[in-house]
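The block underneath contains the structure these notes are about, expressed in structure tokens.
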Amino acid sequence: MVNAFESFPRLLSPLKIGNVLFRNRMFAAPVNSADIISDGQPSLESVAYFERKAMGGAAAVTYGEADVDPEDYREGPYPREITRMSNYNYARLASAVKRQGAVPVLELCFAGIHARMYTGGDKPAWGPVDMDLPFGKKVAAMSEDKILQIINEFGNAAFAAKNAGFEMICLHGAHGFGLQQFMSPTINTRTDRWGGSPENRCRFAVMAIDQIKQRCGLDFPVEIRISGTEIVKEGYGIEEGCRIAEQLDGHADIIHVSVGAIQRFGAETMSRTHVSMFYPHGVNVEYAAAVKKHVKKSLVATVGGLSDPYQMEQILATGKADIIYMGRELVCDPEFPNKVRRGLVDEIRRCMRCLNCFAEGVFHGDLVCAINPEIGREREVYRALPTPLKQRVLVIGGGITGMQAAITATKNGHEVVLCEKSGELGGKILCEAEVPFKQDLHHYILLQRSLIAKSRIDLRLNTEVTPEYALAEGPDVIIAAVGSVPETPDIPGVNNHNVYQAIDVYKNPSLVKGKVVILGAGFVGTELAIYLKDFGIDAEIVEMLGDISDGGNSTHKMAINDMIAQKNIPIHFNAKAIEITHDGVKCLGQDGEIFYRADAVILAVGMKPLYDEALKFSLSSKDFHMIGECRKAANILYATSTAYAASRLIGRF
């Protein structure tokens, strides 16, 4: 435990903006929930999710991307709409955040050229100029009357938000949205008072901020998010970002500096806007620091891959920013601010930036986390449940799944025995312990070990459990978390001396030298190719399918594609390996046989669940659960969520 007030004096210092007091400098970044119900309002599950962040000690909690353009409004869940009087869940959300001591913030958004992506329809979207978008979509240049209408609608939406109980407004002027489209010389080539000079290009945003101040009061805080740089080579750089900030200075109370290009979904811009594991923590702080040198009145906030409170304190101490925003870190550990204040920094669960939260939210409507099985399930987690009848629980397997199961079961008052056949907890994923971009994952494993060491769990390492051993322990419940093993394809030459499993090469990259071919373009194979580049080893990847296999996490696939492009790693799709020789791999492609020369061949073709190993224990106790990869070869999210779900209800039903 550290003395928080000595170690983090700036991070913990309160801040007053207008008539609103913020309890510290740790703000929850704008995040929207995909769980939207009819008429564009958050569900009650979403309300509970945002309240949980406030419970964790964040100074401000922002609900993201409420649309301001009435032309976008329609029946159904999208877009998010604050101005509809019957959308009471916005008021419920603001009230829930406030009662936990945080400031509720609503982010207002004009989508501009991207509007039809959200709302559909054949009408052209609005933008600074006439444009043709991919897939045949049209953009019409906004008339002066339309611009003034949207400025007025920003005021209407802000006033509705204030009446609903929100205490600050954030304008989304970053990540390729409408205000950025006008601020950016990349696409704004207008020659009237809305284009040309930085002053003209920023006029839309400045007038929108001023309109909100006029409607809601000069003491009502207004923030604007900007892209300090558009990252991509055809976009503007930080010099232009500073010019934009100078125009906004004194109008917005906070200039919140992110990054992002107009075309929002390119691999590089997505990986920098939502900082992937392949970039350093705080990689975008430098842009906030540059903006800070150019503004005189507004506060400056920074965001992007931040999870270390010591780094955050240093950012504030050196004057690079006034406020720290966290997005995914507060999904991973909403208690982060409370843990900082209490000096429990060693217990912070650091976001490993796997982007599962993003992908699950977009495609399944759930904002969940791979290593926090409670987030997104707040109404389930905090509802009243029957007091559990104490059980004796035997957990077999000390990997990520087994550790989570044991921790959850012991928190619920059960007597837990955790057996692991090796000499350490962590499982197969320990093979990535030295991988630079997996250090947050390894930190999580060490944290789980620490929690187990501090608990009442009876940990037995170097203990291989048999059915007889299990029966002798007399458990009421057995949880089998015995995992999986790497698949070995049934092809000639697979047992040659130059063939290795990916798990072994992760542990010891020196096993391979010369020209390397990796079989399998899932995340295991592609990340291994990226890692091997650190050792000067050039690997090419052979994949039998037509694309990278993302396992449902298409957002991390974008991050992979970003690195594949940067590091110039060849991938051969639609090529099925049919034989491994001592000097390469023979494949069958769309145009017939092709040979890829290789000194070493690495297998990354998936994992095989240990069903039979787990089922051996099904008759050894009255209750039996198979969890994690022995049930289905999947990912860490699946491992922790199945572990948590099985353990939480033991003895209750």
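With respect to the conditions (1) open to solvent by 40 Å² or more (accessible area, probe 1.4 Å); (2) within 21 Å of Leu108 (Cα to Cα); (3) in contact with a Ser or Thr (Cβ under 9 Å, 6 or more places away or on another chain), Gly196 lacks only one, and its number is (2). Looking only at strands (runs of 3 or more DSSP E) that fall completely inside the range 103-200, which ones have 1 or more residues that are of a type outside the set (A, V, I, L, M) and under 24 Å from Val259 (Cα atoms)? Strands (runs of 3 or more DSSP E) meeting the threshold: 103-109, 125-127, 168-173. Taken over the range 247-286, the criterion of being surrounded by fewer than 18 Cβ atoms within 10 Å (Cβ to Cβ) and either over 24 Å from the mean Cα position of the chain (by Cα) or closer than 26 Å to Phe220 by Cα (or both) is satisfied by Asp249, Gly250. Summed over the range 532-554, residues that are touching a helix residue (DSSP H, G or I) at 6+ places or on another chain (Cβ under 6 Å) and among the acidic types (Asp, Glu) total 1.
Evaluating Ala54 against the criteria (1) of a type outside the set (S, T, N, Q); (2) over 25 Å from Asn356 (Cα atoms); (3) in a helix (DSSP H, G or I) leaves one unmet condition, (2).
Do you know which residues across the range 114-146 are of a type in the set (Val, Ile, Thr) and touching a helix residue (DSSP H, G or I) at 6+ places or on another chain (Cβ under 6 Å)?
Thr119, Val139
Checked against (1) touching a Lys or Arg at 6+ places or on another chain (Cβ under 6 Å); (2) surrounded by fewer than 24 Cβ atoms within 10 Å (Cβ to Cβ), Ala164 meets all criteria but (1). Residues that are at pLDDT 95 or above, basic (Lys, Arg) and closer than 30 Å to Ile537 by Cβ do not occur anywhere in the range 414-422.
For the residues Lys567, Lys586, Lys557, the requirement of being without any contact (Cβ under 8 Å) to a residue 60 or more places away in the chain, in contact with a helix residue (DSSP H, G or I) (Cβ under 6 Å, 6 or more places away or on another chain) and among the basic types (Lys, Arg) singles out Lys567.
Working only within the range 34-46, note down all residues that are within 27 Å of Ile348 (Cα to Cα) and open to solvent by less than 10 Å² (accessible area, probe 1.4 Å). Result: Ser46, single match.
Among the residues of the range 222-239, those that are touching a residue at least 40 places away in the same chain (Cβ under 8 Å) and either closer than 17 Å to Thr186 by Cα or surrounded by fewer than 24 Cβ atoms within 10 Å (Cβ to Cβ) (or both) comprise Ile226, Ser227, Gly228, Thr229, Glu230, Ile231, Glu234, Gly235, Tyr236, Ile238. Among the residues of the range 516-550, the ones that are buried (at least 17 other Cβ atoms within 10 Å of the Cβ) and in a loop (DSSP other than H, G, I, E, B) come to 9 in all.
Residues in the range 392-409 that are open to solvent by less than 10 Å² (accessible area, probe 1.4 Å), in contact with a Ser or Thr (Cβ under 6 Å, 6 or more places away or on another chain) and not hydroxyl-bearing (Ser, Thr, Tyr): Ala405, Ala409. Checked against the criterion of being more than 15 Å from Gly483 (Cα to Cα) and open to solvent by 20 Å² or more (accessible area, probe 1.4 Å), the range 413-420 has at least one qualifying residue. Can you say whether Lys576 is at pLDDT 95 or above, open to solvent by 60 Å² or more (accessible area, probe 1.4 Å), touching a Leu at 6+ places or on another chain (Cβ under 9 Å) and of a type in the set (D, E, K, R), as far as the supplied structure shows? Yes, satisfied. For the condition assigned to a strand (DSSP E or B), open to solvent by less than 10 Å² (accessible area, probe 1.4 Å) and within 22 Å of Leu171 (Cβ to Cβ), Gly64 qualifies. Here Ser95 passes the criteria (1) small (Gly, Ala, Ser); (2) open to solvent by less than 50 Å² (accessible area, probe 1.4 Å); (3) in a helix (DSSP H, G or I); (4) touching a residue at least 60 places away in the same chain (Cβ under 8 Å) except the one numbered (2). Screening the range 506-515 for residues that are open to solvent by less than 20 Å² (accessible area, probe 1.4 Å) and either of a type in the set (D, E, K, R) or not in a loop (DSSP other than H, G, I, E, B) (or both) and picking the one that is farthest from Ala559 (Cα to Cα) gives Pro509. Among strands (runs of 3 or more DSSP E) entirely within the range 392-501, having at least 1 residues that are in contact (Cβ under 8 Å) with a residue 60 or more places away in the chain and under 21 Å from Leu637 (Cα atoms) singles out 392-396, 477-480, 484-486.
Count of the range 620-653 residues, restricted to those that are over 30 Å from Asn574 (Cα atoms), in a loop (DSSP other than H, G, I, E, B) and open to solvent by 60 Å² or more (accessible area, probe 1.4 Å), is 3. Scanning the range 7-36 for residues that are within 25 Å of His175 (Cα to Cα) and in contact with a strand residue (DSSP E or B) (Cβ under 6 Å, 6 or more places away or on another chain) yields Arg25, Met26, Phe27, Ala28, Ala29, Pro30, Val31, Asn32, Ser33. Just checking, does the range 74-93 include any residue being at pLDDT 95 or above, closer than 17 Å to Pro221 by Cα and in contact with a Phe, Trp or Tyr (Cβ under 9 Å, 6 or more places away or on another chain)? There is no residue in the range 74-93 that is at pLDDT 95 or above, closer than 17 Å to Pro221 by Cα and in contact with a Phe, Trp or Tyr (Cβ under 9 Å, 6 or more places away or on another chain). Residue pairs whose Cβ atoms lie under 6 Å apart, separated by 6 or more positions or on different chains, with the first residue in the range 9-33 and within 30 Å of His364 (Cβ to Cβ) and the second open to solvent by less than 40 Å² (accessible area, probe 1.4 Å) and part of a loop (DSSP other than H, G, I, E, B), are Met26/Ala58; Met26/Ala59; Phe27/Ala59; Ala28/Ala58; Ala29/Val303; Ala29/Gly327; Val31/Gly327; Ser33/Leu367. Flag: Ile503 does not match the condition of being within 29 Å of the chain's Cα centre (by Cα) and open to solvent by less than 10 Å² (accessible area, probe 1.4 Å). With the condition being more than 37 Å from the chain's Cα centre (by Cα), I'd like the strands (runs of 3 or more DSSP E) fully within the range 562-619 carrying at least 2 qualifying residues. Fully inside the range 562-619 and qualifying: 576-581, 584-589, 592-597.
Confirm whether Val482 is touching a Gly at 6+ places or on another chain (Cβ under 9 Å), on the phi < 0 side of the Ramachandran plot and open to solvent by 30 Å² or more (accessible area, probe 1.4 Å). Yes; evaluated as a whole, the condition is true for this residue.
The values are calculated or read from the model by the stated rules, or taken from the named source; none is laboratory data. Only a predicted model underlies this, so the values are computations on that prediction, with no experimental measurement involved. Note: ideal-geometry Cβ built from the backbone for every residue, glycine included; neighbour counts use all protein chains shown. Calculation scope for accessible area: heavy atoms of the full protein, side chains included, ligands and nucleic acids excluded. Shrake-Rupley method; radii C 1.70, N 1.55, O 1.52, S 1.80 Å.
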